[in-house]
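J.: Before I ask anything, here is the structure I am working with.
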């Protein structure tokens with residue numbers, strides 16, 4: 001079996017390599033792709049040094065699976081080069097997520113939507129991914145009607161430049177930081193919270209917030225779901241956290257809700273300790289804590305969930321899907 005990793009040198013790409021080494025058979029033949037800047041360099045996969053190829057149409061052959069983490073424009077340009085030769089493409093960008101014919105897959109929730117003819121598979125937004133993992137068992141038990149998620153997104157979700165900016169800003173004194181204008185974001189992110197993640201749209205919401213709206217409906221199969229989202233960027237390296245107020249059709253029993261969460265593979269409920277981004281870093285599960293009944297209705301629960309956005313939010317989910325395909 002041959003697997004291509006497109007965007008192999010990026011933050012998510014390198015995590016994809018680690019997860020492939022951990023989850024996939026050792027005898028798989030890997031091929032690495034990146035931009036012309038990285039072409040000719042080497043990365044190690046399963047103790048084998050592999051030369052990185054430039055991503056262009058002339059270098060693309062027939063592969064069984066291609067794992068894409070190279071940005072939306074490259075996905076739009078090159079995904080068809082792979083699928084046309086029979087390859088499954090698992091794409092981490094937002095390019096195809098809302099295409100009706102493209103399954104938007106979270107492993108553990110809806111991987112069975114993949115068929116031999118659905119060669120293009122979309123990986124959801126990293127913030128949505130963690131939240132729907134927590135919501136799925138609750139929806140199956142109590143029937144989700146609406147939700148108000150408020151997300152606190154780590155800088156690694158913006159890529160390596162944002163990470164470098166955070167690290168530089170952390171070294172500044174308070175006066176220098178307050179006056180600093182050369183960072184990745186519009187304001188310094190170190191020791192700070194910016195009440196916007198993503199780009200503002202005409203409706204006043206950000207594209208990150210609207211991903212919550214559209215993607216959660218598609219993944220959970222609830223087209224009528226009401227979503228009122230807010231997203232902020234916080235001075236945290238890794239780990240997206242979400243406070244969510246969820247309204248259900250049926251009355252909630254908090255003990256039952258916690259039991260459903262703990263019984264759902266890929267989710268842990270922490271009752272004794274508050275789960276934080278530091279706790280979630282390098283963990284494969286979504287962590288949930290502070291689940292409590294709503295103050296105004298027995299059909300509302302409020303909870304906190306946090307997950308490693310570079311793992312389950314991107315690389316891990318993509319490779320879990322690839323493992324599912326390998327085993328089919």
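J.: Evaluate E = 1/(1 + (r/R0)^6) for residue 35 and residue 255, where r is the Cβ-Cβ distance and R0 equals 45 Å; express this FRET efficiency to the nearest 0.05.
T.: After rounding to 0.05, the efficiency reads 0.30.
J.: Moving to a separate point now. Which of the peptides 137-148, 22-33 is most tightly packed, and how do the rest follow, judged by the mean count of other Cβ atoms within 10 Å per residue?
T.: Per-residue mean Cβ counts within 10 Å order the peptides as 137-148, 22-33.
J.: Pulled fully out, how much extra length does the chain show between residue 161 and residue 61, if you take 0.36 nm times their separation in residues and subtract their Cα-Cα distance?
T.: So the extension gain works out to 32.9 nm.
J.: Taking a ≥ b ≥ c as the square roots of the eigenvalues of the Cα gyration tensor of the range 69-175, is the shape rounded (a/c under 1.5), prolate (a/b larger than b/c) or oblate?
T.: It is oblate, given that a/c is not under 1.5 and a/b is not larger than b/c.
J.: Which of the peptides 167-178, 294-305 is most tightly packed, and how do the rest follow, judged by the mean count of other Cβ atoms within 10 Å per residue?
T.: Taking the mean over residues of other Cβ atoms within 10 Å, the ranking is 294-305, 167-178.
J.: Simple spin-label model, 7 Å along Cα-to-Cβ: residue 42 to residue 293 in nm?
T.: 6.4
J.: Further question: Take the alpha carbon gyration tensor of the range 164-217, find the square roots of its eigenvalues, order them as a ≥ b ≥ c, and report rounded if a/c is under 1.5; if not, report prolate when a/b exceeds b/c, else oblate.
T.: prolate
J.: With contacts defined as alpha carbon pairs under 8 Å and 6 or more residues apart, what's the relative contact order of the chain in percent?
T.: Once divided by the residue count of the chain, the mean separation gives 19 percent.
J.: For the pair residue 265/residue 23, report the inter-label distance in nm, with labels modelled 7 Å from Cα in the Cβ direction.
T.: 1.1
J.: List the equivalent ellipsoid semi-axes of the chain in whole Å, largest first, each obtained as the square root of 5λ for an eigenvalue λ of the Cα gyration tensor.
T.: In descending order the semi-axes read 32, 26, 18 Å.
J.: Under a crude label model (7 Å from the Cα following the beta-carbon direction), how far is residue 324 from residue 176 in nanometres?
T.: 4.8
J.: Full extension from residue 76 to residue 49: what is 0.36 nm times the residue separation minus their Cα-Cα distance, to one decimal in nm?
T.: Difference between extended and current length: 6.8 nm.
J.: Compare the peptides 228-241, 5-18 by average per-residue count of other Cβ atoms within 10 angstrom and give them in order, highest first.
T.: 5-18, 228-241
J.: Separation of the range 138-200 and the range 35-75 by C-alpha centroid, Å?
T.: 29
J.: For 185, 180, what's the fewest-to-most ordering of other Cβ within 10 Å of each Cβ?
T.: 180, 185
A short reminder: the numbers here are calculations on the coordinates, not readings from a lab. Note that the structure is a prediction, hence the values are computed from the model and not measured. Note that each Cβ is placed from the backbone with ideal geometry, even for glycine, and that neighbours are counted across all protein chains shown.
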